[in-house]
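Asks: I am attaching a structure below and will ask some questions about it afterwards.
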Amino acid sequence: MDVNKILSADILDLIFEGRNKEYGAYDLRKTYNKRITYAMIGTLIICAVMLVGSLIANAPKKEKTELIVQDVSLENVKQEEKRPEPPPPPPPPKQEPPKVEITKFTPPKIVKDEEVKEQDEIKEVEKLEDTKIGTINQEGTKDEGIVAPPVESGTGVVEAPKQEEDYDKVFTVVQIPAEFPGGLSSWAKYLERNLNRDLPVENGAPPGKYTVIVSFIVSKDGSISDVVAENDPGYGTKAEAVRVITKGPKWKPAVQNGRNVIYRHKQSITFMVSEE
């Protein structure tokens, strides 16, 4: 090797000077650093993949929350028991007018005495003072100025007075209950859009059902007031249910006997937390 090339030559070139470089030992030593680098990089990649896989496998499963909306019947509200109406009093008995003695009036007629019948005999005037004059003969009391009672017409049934219903009280049972505009499907959509369904998970709720029962007043014009949660399953569900119902739109008011009335509605909202 020339003297000028010795200073710039690689150590391997110096060692294998005059030797067979095609044998293999030269090439192995020449590419040693490159192979070590590739091996290190490959090892690091494999370790990184295994570490990421382990983290994913041990990571806590993400919990999914669903909403269930359901109307609740007002079973716990004590209803005013309607007392049975008393039967109407029986009709007064019919009073028969007293029979008054009547003497048949016989017009005067000249006939033979043997042809006169007893009932056609003309009574003496003195005997007619205490009797009525009529077309027939009738036994009865003497005429003492008795006036027969007038005959009343009608059914004879006395109706009990009807009680006027108070339409300003709060009803719990009505003919047509209050309703969200668009019905139950629109009400469920409103809750799904406005409720923070992930709130229980954010507050650390484990998988399960968290049902909030809320009651509120629907006034005669449909406005919502007096929103009250009757229970609190925790994890912020009570406050969230009250908040969304309070800020909601007006409802269709309840109807009783064709009139809009004040109605207390009861609603259950269930937050379902499940593992994915």
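Asks: Only one of 263, 210, 190 is modelled with pLDDT of 95 or more and in the same structural domain as residue 173 (by TED's automatic domain parsing). Can you tell me which?
Replies: Only one candidate qualifies: 263.
Asks: Let me ask something else. Taking region 192-206 on its own, how many of its residues are of a type in the set (Asp, Glu) and under 22 Å from residue 246 (Cα atoms)? Walk me through how you get there before you give the answer.
Replies: Here is the first cut: in region 192-206, the residues of a type in the set (Asp, Glu) are 192, 198, 202.
Checking the rest, the ones that are also under 22 Å from residue 246 (Cα atoms) come to 192, 198.
Total satisfying the criteria: 2.
Asks: Something else now. Return a yes/no flag: does region 195-205 have any residue that is surrounded by 13 or more Cβ atoms within 10 Å (Cβ to Cβ), at pLDDT below 95 and of a type in the set (Lys, Arg).
Replies: Yes - at least one qualifying residue is present in region 195-205.
The values are calculated or read from the model by the stated rules, or taken from the named source; none is laboratory data. Fair warning: this is a prediction, and the values are worked out from it, not measured in the lab. Virtual Cβ from ideal backbone geometry, glycine too; neighbours counted across all protein chains shown.
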